[in-house]
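Below you'll find the structure, written out as structure tokens, and then a few comments.
The values are calculated or read from the model by the stated rules, or taken from the named source; none is laboratory data. Note that the structure is a prediction, hence the values are computed from the model and not measured. Neighbour counts run over all protein chains shown; Cβ positions are idealised from the backbone, glycine included.
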Amino acid sequence: MGKWKYIIFFGLLCGGSVFFLIQVLINFILGNELETGNYLTGAVTFGVLFGFFNWSLSERRYKKYKRNQ
């Protein structure tokens, strides 16, 4: 899939959107003011970091698997 496609799809779209929705839901339940700009910034940051670390872990596992064959 490639590093950047993986980070965009699994990091930003999957991880970042879940992070965003959880932030909105928690603040809605608590009755806090919804600051979507801050939530979006946090979601993008989280998504990129999540995607990068998840890709790195998967790549490491794949290389170890290929060495052991």
Please specify each residue of the stretch 14-44 satisfying the condition of being exposed (fewer than 13 other Cβ atoms within 10 Å of the Cβ) and in a helix (DSSP H, G or I). Ser17, Leu21, Ile22, Leu25, Ile26, Phe28, Ile29, Leu30, Thr36, Gly37, Asn38, Thr41
Determine the pairs where a residue that is touching a residue at least 60 places away in the same chain (Cβ under 8 Å), located within the stretch 32-55, has a partner that is of a type in the set (Gly, Ala, Ser) and not in a helix (DSSP H, G or I) with Cβ atoms under 7 Å apart, the partner being 6 or more residues away or on another chain. none
Answer yes or no: is there a residue in the stretch 57-69 that is touching a Lys or Arg at 6+ places or on another chain (Cβ under 9 Å) and assigned to a helix (DSSP H, G or I). yes
Search result, residues across the stretch 1-34 that are within 26 Å of Glu59 (Cβ to Cβ) and charged (D, E, K, R): Lys3, Lys5
Please work out if Phe52 is surrounded by 15 or more Cβ atoms within 10 Å (Cβ to Cβ), on the phi < 0 side of the Ramachandran plot and either at pLDDT below 95 or not small (Gly, Ala, Ser) (or both). yes
